[in-house]
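This report concerns only the one structure given below.
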Amino acid sequence: MDFNFVEQAAKQANAPKTSDYMSQDGLLYCGKCHTPKQCRIDWLGQQKTVPCVCDCKKAANQAQDAAIKQRERLGRIQSLCARGIQDKELLKHTFDSSQNTKFLQTCRRYVDNWERMKRENIGLMLYGEAGGGKSHAAACIVNALLAQQIPATITSFPKILADLQSDIHTNRNQYLHRLNEYDLLVIDDFGVERSTEYAWEIMFSIVDERYKVKKPLIITTNLTPSILNTETRITEQRVYNRILEMCQPMLFDGENWREQETRRKMQRAREALT
């Protein structure tokens, strides 16, 4: 290593200022924080006086590094949020644009208590008959978190399997890592996928990885907790046990949301045509 080059670079990084002064020990001190800007070292058997960083310069460097890391962090969060809702149809599913049902009130409280939900790794299992509004409620949660710049995403196992199978270059561990970048992962319509050995293996990997990194998981499903509890096949058991351990069951047993929406559309059509 060229000592002169290193010494010159250090001098440029910590150039003397007019307020700096020489102390009785013969070293240059910072006029602001009154800590050394020079130190003595042994170099190849000789003692040399070289520049060093004073305390206020260290603090300034640390603040600059922290600001850079914060900008990078915010950039990653913004990028994750931009990719959080891939199905743009789901963007319109928000609490403010929905009927204030008891189910959505509970889901809103989940968002309001997000820091605790995240800290204690509390997820939800939204279950009930088709059309009950489970997917709508899950999308409302995701959109509410994204509005707060909290990385969240909603997907489905069929989509995950399609992503992994469509690109032979996709590494499963890298894919799981990308999913785990999100503070909240929502798996919609759990249980509708083809029950192949490969599919169950992927399902367990995703659920188990969420468990290991201690990040919340929400699933929507037509399956009931009793079905999950009484499953006897080992492959399915592993997945179901993890879900029941991580996700608080919440029954959606109200009037069919899709039927309500269909009736509202028909009423609007009649009003427009009469």
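Odds and ends about this structure:
- Those residues of the range 201-252 which are open to solvent by less than 50 Å² (accessible area, probe 1.4 Å) and part of a loop (DSSP other than H, G, I, E, B), in sequence order: K215, P216, L223, T224, E231, F252
- If you filter the range 36-84 down to residues that are among the β-branched types (V, I, T) and modelled with pLDDT of 80 or more, you find that the one that is least open to solvent (accessible area, probe 1.4 Å) is V50.
- From the options G84, G128, residue that is in contact (Cβ under 8 Å) with a residue 24 or more places away in the chain and on the phi > 0 side of the Ramachandran plot: G128
- Test: residue in the range 231-243 that is more than 19 Å from F157 (Cα to Cα) and basic (K, R): yes
- Boolean, D112 is over 16 Å from T153 (Cβ atoms) and open to solvent by 30 Å² or more (accessible area, probe 1.4 Å): yes
- Positions within the range 115-140 being within 19 Å of the chain's Cα centre (by Cα) and surrounded by fewer than 20 Cβ atoms within 10 Å (Cβ to Cβ), in sequence order: E115, R116, K118, R119, E120, N121, I122
- D188 falls short on exactly one of the conditions (1) assigned to a strand (DSSP E or B); (2) open to solvent by less than 20 Å² (accessible area, probe 1.4 Å), and that condition is (2).
The values are calculated or read from the model by the stated rules, or taken from the named source; none is laboratory data. What you see is a predicted model; the values in this text were computed from it and never measured. We place every Cβ from the backbone using ideal geometry, glycine too, and count neighbours over all the protein chains shown. Remember, those area values only see protein heavy atoms, side chains included, never the ligands or the DNA or RNA. Shrake-Rupley method; radii C 1.70, N 1.55, O 1.52, S 1.80 Å.
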